[in-house]
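Asks: I'd like to ask you about the structure that follows.
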Amino acid sequence: MKIAVIPARGGSKRIPRKNIRSFCGTPIIAYSINAACDSGLFDEVIVSTDDEEIAGVARQFGATTPFARPKEISDDFTGTNAVVKHAVGWFIEQGNDVSHACCIYATAPLIRTRYLREGYDALTGSDAAFAFSITSYAFPIQRAVRLTSEGRVEALYPEHRITRSQDLEPVFHDAGQFYWGTARAFLNDVPVFSPRSIGIVLPRVLVQDIDTLEDWEQAEFMFRALRGD
């Protein structure tokens, strides 16, 4: 059995009701649910939430909410791996043989089924524990600078101050969309950010972290542009 787990607690503070806030006319969580369902990869697409309003919206768009997320994993400090571990464990307790799970963030409106499938194929075609979305930095991080206490600029990597950008190693970061893993890896708390993970490279035009209202507006601009509005 393969399950998609979309974590969506109700206590978002920086953007209130973030997980069901309207994004270009649709609750933002719906995009993640639709991508998971449309991919054809999952036996069940669930939303793990402690909030009944979020659960109702999730069911409206085709996800299931087979349990209420326990309070002990619904606070500001609980990571998403713990939420997926709980979901995998719950399904196993119900007598299901879970082989793989995919954590999909509720605020990933630019997600594409193509990359979900690519992640699954990469994971199952290897001995890796995880495969998750990454993207390249828009500017070489080797050229990063810091500000001193006096407001002066200081190179973070002075050895690369005059290195040509084409000679610098490409560097990537977490794209914050999906995290495929074996059920065993989630249950055994294997670290996602380790050599046991495969990076699925997304184009930067499909990646926007959404933590602030400014991020939200930027993501909507990107979404509309990609849709051709």
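Asks: Kindly indicate which of Gly25, Gly119 is under 30 Å from Arg224 (Cα atoms) and touching a residue at least 12 places away in the same chain (Cβ under 8 Å).
Replies: The conditions single out Gly119.
Asks: Taking Ala108 as the residue in question, decide whether it is assigned to a loop (DSSP other than H, G, I, E, B) and in contact (Cβ under 8 Å) with a residue 40 or more places away in the chain. Steps first, please.
Replies: Working: assigned to a loop (DSSP other than H, G, I, E, B): yes; in contact (Cβ under 8 Å) with a residue 40 or more places away in the chain: yes.
Yes, satisfied.
Asks: With Ser12, Ser32 as the choices, which residue is surrounded by 18 or more Cβ atoms within 10 Å (Cβ to Cβ), under 18 Å from the mean Cα position of the chain (by Cα) and either not in a helix (DSSP H, G or I) or not hydroxyl-bearing (Ser, Thr, Tyr) (or both)?
Replies: Ser12
Asks: I'd like the full set of residues that are part of a loop (DSSP other than H, G, I, E, B), touching a Phe, Trp or Tyr at 6+ places or on another chain (Cβ under 8 Å) and of a type in the set (A, V, I, L, M), limited to the stretch 41-96.
Replies: Within the stretch 41-96, Leu41 is the sole residue that qualifies.
Asks: To continue, here is another question. Looking only at strands (runs of 3 or more DSSP E) that lie completely in the stretch 134-215, which have at least 2 residues being within 20 Å of Val5 (Cα to Cα)?
Replies: Qualifying strands (runs of 3 or more DSSP E): 172-182, 197-201.
Asks: Here are Pro66, Pro27: which of them is over 30 Å from Asp97 (Cβ atoms) and out of contact with any Gly (no Cβ under 8 Å at 6 or more places or on another chain)?
Replies: Exactly one residue qualifies, and that residue is Pro27.
Asks: Out of all the residues in the stretch 145-154, is one or more over 15 Å from the mean Cα position of the chain (by Cα) and either surrounded by 14 or more Cβ atoms within 10 Å (Cβ to Cβ) or at positive phi (or both)?
Replies: yes
Asks: Among the numbered criteria (1) of a type in the set (S, T, N, Q); (2) touching a residue at least 40 places away in the same chain (Cβ under 8 Å); (3) surrounded by fewer than 18 Cβ atoms within 10 Å (Cβ to Cβ), which single criterion is violated by Ser133?
Replies: In the conditions (1) of a type in the set (S, T, N, Q); (2) touching a residue at least 40 places away in the same chain (Cβ under 8 Å); (3) surrounded by fewer than 18 Cβ atoms within 10 Å (Cβ to Cβ), Ser133 misses (3) alone.
Asks: Within the stretch 105-137, how many residues are of a type in the set (D, E, K, R) and either at pLDDT below 95 or in contact with a strand residue (DSSP E or B) (Cβ under 7 Å, 6 or more places away or on another chain) (or both)?
Replies: Matching residues across the stretch 105-137 total 1.
The values are calculated or read from the model by the stated rules, or taken from the named source; none is laboratory data. All values derive from a computational prediction rather than experimental measurement. FYI the Cβ positions are ideal-geometry reconstructions off the backbone, even for glycines, and counts take in every protein chain you see.
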